[in-house]
Amino acid sequence: MTAEDPASLVVIFATHNGAETLRPMLDGYAQLDDPGIPWRLIAVDNASTDDTPEVLREAATRLPIDIVAEPGMGKNRALNSGLAQLEPDESFVVFTDDDAIPDRDFLIAWRRIARTRPEDLFAGRVTPRFPTPPPRWLAGLSDHFPELYAQNARAEDGPIGADEIYGPNMAVRRRVFEEGARFDEGIGPNGDIAFYPIGSETEFCVRVARTLGARAWFAHAPNVVHIVRPWQMTPDFVDARAYRHGLGVAARTYGEGAGARRGIRSAVKRILLRLGATLGSRSSRWEYHWHRGFRDWPPSP
């Protein structure tokens with residue numbers, strides 16, 4: 001592994017009907033401090049039916065942004081389409097989401113990491129921004145904010161597990177993609193599927209670490225503010241997120257088409273968790289829906 005100062009920087013993101021959050025997100029990129037090298041955004045419009053195309057076209061008048069249309073539904077399919085647009089000198093690829101606003105020194109910080117750290121996989125800081133203070137029941141689930149809101153709040157740089165890298169702020173050296181690695185299009189957000197297995201970036205990073213021996217590093221300096229919408233602070237959202245996270249872990253554990261193991265102990269655990277959820281324990285409710293998602297893998301067509 002070697003560190004190198006990239007000749008340019010590229011940021012890739014996918015968006016499906018993301019106009020509401022795209023505006024403040026792109027405003028953030030318009031206000032970035034100059035990293036001292038050329039940079040650009042690759043925005044992949046994943047079959048949007050709202051104002052997303054207009055928002056992206058307006059952004060192109062003030063930002064170095066290339067817009068790619070991917071009509072096939074699925075975030076990972078869109079990200080793979082974005083990767084196909086890489087230029088030869090783009091050796092360090094940053095990924096983000098359409099609801100993640102970068103700090104002003106975002107690209108400066110990522111350039112510094114690229115030229116000083118030799119790892120292939122990188123996690124950046126992700127700070128959720130709530131529209132109002134979380135209610136007590138939600139604050140009590142703060143240990144699950146990484147799963148709920150992609151929070152990545154370590155205080156210092158250092159080695160990190162490949163399973164602790166989240167999509168709103170991550171980076172990958174190009175050599176990983178030159179080895180043939182791509183995002184698994186059978187997992188992750190998909191506008192056609194309500195209960196999709198989440199954790200697509202995690203699956204990618206874990207697979208790359210396992211098959212290519214890639215190491216991962218957490219970088220505190222590059223930070224994004226992850227926009228949390230009011231509907232993402234509701235019990236229904238939390239329950240569905242727990243369920244989809246269980247699906248995602250099962251997908252990584254057992255693979256496409258393989259069912260999760262269901263034993264007597266697992267069935268008893270589910271009954272106990274359901275009892276705890278019924279009695280009102282929020283943590284038990286999370287565990288119940290997570291376990292339900294894990295047991296439901298693979299989901300019915």
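Taken over the C-alpha atoms, the chain has Rg and Dmax values of 19.2, 60 angstrom.
Using a cutoff of 8 angstrom between alpha carbon atoms and counting only pairs six or more residues apart, the relative contact order for the chain works out to 20 percent.
Mean sequence separation of contacting Cα pairs (under 8 Å, at least six apart), scaled by the length of region 123-233, corresponds to a relative contact order of 48 percent. With the biggest extent put first, the Cα atoms of region 1-45 measure 38, 23, 14 Å across the principal axes. GNM on the chain, alpha-carbon springs under 10 angstrom: the most fluctuating residue among Gly28, Gly199, Gly180 is Gly180. For region 5-62, trypsin sites (Lys or Arg not before Pro) are listed when DSSP marks them as loop and at most 13 other Cβ atoms sit within 10 Å of their Cβ; the list is Arg62. Scalar couplings 3J(HN,Hα) for region 101-106, obtained by applying the Karplus form with A = 6.51, B = -1.76, C = 1.60 to θ = phi - 60°, are 9, x, 5, 4, 8, 3 Hz; x denotes Gly and Pro. Karplus-derived 3J(HN,Hα) values for region 289-297, using 6.51 cos²θ - 1.76 cosθ + 1.60 with θ = phi - 60°, are 5, 4, 5, 5, x, 4, 6, 7, 6 Hz; glycine and proline are entered as x. Pairs of Cα atoms nearer than 8 Å and 6+ residues apart set the relative contact order; for region 5-73 it is 39 percent. The phi-based Karplus calculation (6.51 cos²θ - 1.76 cosθ + 1.60; θ = phi - 60°) puts the 3J(HN,Hα) values of region 237-242 at 5, 4, 4, 5, 5, 4 Hz, whole numbers, x for Gly and Pro. When the Gaussian network model of the chain links Cα atoms closer than 10 Å, the mean-square fluctuations of Asp34, Asp97, Asp120 top out at Asp34.
Within the accessible surface of the chain, defined with a 1.4 Å probe on protein heavy atoms only, the carbon and sulfur portion equals 50 percent. Ordering Glu4, Glu203 by accessible surface, largest first, gives Glu4, Glu203; the 1.4 Å probe counts only protein heavy atoms, with every chain in place. For region 3-42 versus region 203-224, the inter-centroid distance based on Cα atoms is 20 Å.
Secondary-structure-derived ellipticity at 222 nm for the chain, considering helices only, amounts to -11500 deg cm²/dmol, per-run term -39500 (n - 2.57) for DSSP H runs with n ≥ 4.
Return the FRET efficiency for the residue pair Asp236, Asp89: r is the Cβ-Cβ distance, R0 is 41 Å, and the value is rounded to the nearest 0.05. Rounded to the nearest 0.05, the efficiency is 0.35.
With springs connecting C-alpha atoms under 10 Å apart, model the chain as a Gaussian network and identify which of Glu119, Glu179, Glu20 has the largest mean-square fluctuation. Judging by the Gaussian network model, the answer is Glu179.
Sites listed here are trypsin sites (Lys or Arg not before Pro) in region 101-210 whose DSSP assignment is loop and whose Cβ has at most 13 other Cβ atoms within 10 Å: Arg104, Arg154. Across all directions, the average flat footprint of the convex hull enclosing the Cα atoms of region 86-205 is 9.4 nm². Taken per residue, the accessible surface of the chain reaches 45 Å², heavy atoms only and a 1.4 Å probe.
The values are calculated or read from the model by the stated rules, or taken from the named source; none is laboratory data. Only a predicted model underlies this, so the values are computations on that prediction, with no experimental measurement involved. Positions of Cβ are generated from backbone atoms using ideal geometry, with glycine treated the same way; all protein chains shown enter the neighbour counts. All accessible areas refer to the heavy atoms of the entire protein, side chains included, with ligands and DNA or RNA removed. Shrake-Rupley method; radii C 1.70, N 1.55, O 1.52, S 1.80 Å.
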